[in-house]
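I have placed the structure first, in the form of structure tokens, so that the comments after it can refer back to it.
The values are calculated or read from the model by the stated rules, or taken from the named source; none is laboratory data. Computed from a prediction, not measured in an experiment: that's the story for all the values here. Here the Cβ is made from the backbone with ideal geometry for all residues, glycine too, and neighbour counts use every protein chain on show.
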Amino acid sequence: MRITGIEGRHLRRRKRTTVPDRIASPAPDLVQRVFHAGDLDEKWCGDITYVQVGGSWMYLACVLDICSRRVLGWSMASHMRTELVIDALNMAVATRGGSVTGVIFHADRGAQYTAAMFAQVCDGYGIRRSMGRVGSSYDNALAESFWQGLKRETMYQRLFTTMRQARLEIFQWLTYYNVRRRHSALNYLSPVEFEQQHLSAAKLAIAA
């Protein structure tokens, strides 16, 4: 191909973020690939992806509400320790006002999500953990789809040169996603619009 002056497009090498822990605290799969929910805070999902910053890697963890697709919490750091996913979960809990008892939190079987420390945090909030199989992206398909959109519209458009730039642009995109990004699964509403409509309908039903 080079002889003819034509070169194929090279896909970026995928960096592995799901690394199982040999000493783990796994959980059953309570979601079973059913990535929709009848109410807010019924099911959440979380995952980690990588972000190239200059010549190094940063890691981004997010928590989404499966019902509304809203990003409830996120955390970004230069490591993939358990604290990364705990910080994202803590933000999600704070977004919901601190009362999340009974929420199902679904993730893969990476070391961060199977860690005893993460299990203790979930237990403290009354969150029920759920996990898919190792190496099966379909078992966390909603999170995988979310990452594809984020990368396509941010990371694949430019190379971040500093941590500050990466944080700012990702924060701006997450805000745009929550407030303005319309989803066919949400009747073409944004996650925030969907939640507002959902809560209004629930209040009317109670009043009736």
Test result for residue 74, farther than 16 Å from residue 173 by Cβ and assigned to a strand (DSSP E or B): no
Qualifying positions in the range 117-134 - closer than 17 Å to residue 87 by Cα and outside any loop (DSSP other than H, G, I, E, B): 117, 118, 119, 120, 121, 122, 123, 124, 125, 129
task: Would you check which residues across the range 23-73 are more than 16 Å from residue 167 (Cα to Cα), among the β-branched types (Val, Ile, Thr) and touching a Lys or Arg at 6+ places or on another chain (Cβ under 8 Å) and list them?
output: 31, 66
- line: Output for Cβ contacts, cut-off 8 Å, separation at least six or different chains, first residue more than 11 Å from residue 46 (Cα to Cα) and crowded, with 20+ Cβ neighbours inside 10 Å in the range 122-142, second of a type in the set (S, T, N, Q) and modelled with pLDDT under 95, reads 132/140
query: Can you find even one residue in the range 98-120 that is at pLDDT below 95, within 25 Å of residue 185 (Cβ to Cβ) and out of contact with any strand residue (DSSP E or B) (no Cβ under 9 Å at 6 or more places or on another chain)?
result: no
task: Look at the range 151-164 and say how many of its residues are out of contact with any helix residue (DSSP H, G or I) (no Cβ under 6 Å at 6 or more places or on another chain) and surrounded by 13 or more Cβ atoms within 10 Å (Cβ to Cβ).
output: 4
